[in-house]
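Quick notes on the structure that follows.
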């Protein structure tokens, strides 16, 4: 069994697991730096946003970091379930979204030691400098696992889609194949048709109180240059096919854009607009690009257009249905290692 690379990891790298998804990672042979800059986080703040906010002195003190568990403890045991997220420096959102996912996974798999890693070093450094909370990056988490004698490592990302960020994670795990007897990696949130249906149901259930025929319910995704950006159009289509004609999805960094969403809303006879992030966390994009008071925020632009606007700052990670998707994906990876 030594040096066995689990079926789940191979499946993730070749995109054969959950084959019904139509969105594979872009395989263009760009340089690593180009890939990382192109893949703005699909479920949280981008590194550029975090850096700009820090340089401008933006106050990221959003809750008590002491309430959050960084899950960087040693004495892991032989079986580790490493939960990898882009991350957020918004303390309350981190605890209510990423922390909730980690807790759900620990409850579902009590025989495994759940640990945390973030992929954004800027966010890690910001939280450490501001709050004194130490969160492992992926390399540190893998080194910690190896030093602790972990034999079976299962990695479950919280990424929304299979984009550059997910591909980078799989590639880094491949470099550690000799450090553990077995490595497996779970799939992102939106992988197969069942996932899309579950997310559709989850976001509709979370917003049904606003579904009065006069309210447009708009979700802000991040967006990516990877081919997997198509998940937004796919989810929009599923909502429309289900009769949810007043649900609209746009992105901050890609297509559909805010302009596209605004045109779709204007084509209806809506009086109110509800805005929610279609991201795992409610971080910088949700608080500023979506709900901020700047003139170019989604809230400001819809308000200027004459709509009554309500912003709901809750990430997808707070929804039990989304947590259950990640539990199912982690279970598939765990099953692959026997």
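Coordinate-derived values only; no laboratory data. A quick note: this is a predicted structure, and the numbers were derived from the prediction, not measured. Please note: Cβ atoms are built from the backbone with ideal geometry, for glycine as well, and neighbour counts cover all protein chains shown.
Of note:
- For a modelled paramagnetic label at residue 260, 7 Å from Cα along Cα-to-Cβ, the residues of the range 190-219 in reach, with backbone nitrogen under 13 Å, are 219.
- Spherically averaged projected area of the convex hull of Cα atoms, the range 164-211: 5.0 nm².
- Per residue, the Cα convex hull of the range 54-186 amounts to 109 Å³.
- The Cα center of the range 160-174 and the Cα center of the range 309-338 differ in position by 17 Å.
- Protection-proxy order for peptides 241-253, 168-180, each taking the mean of Cβ atoms within 10 Å per residue, highest first: 241-253, 168-180
- Projected-area mean, the range 232-293, by convex hull of Cα positions, square nanometres: 4.7 nm²
- Spin-label model, residue 177 to residue 146: label points 7 Å out along the Cα-to-beta-carbon direction sit 1.5 nm apart.
- Efficiency of FRET from Cβ geometry, residue 320 and residue 209, R₀ 22 Å, rounded to 0.05: 0.85
- The alpha-carbon atoms of the range 117-162, seen along their principal axes, cover 35, 30, 12 angstrom, with the largest extent given first.
- Value in Å of the Kirkwood radius, where the range 193-315 supplies the Cα pairs that are averaged: 14.3 Å
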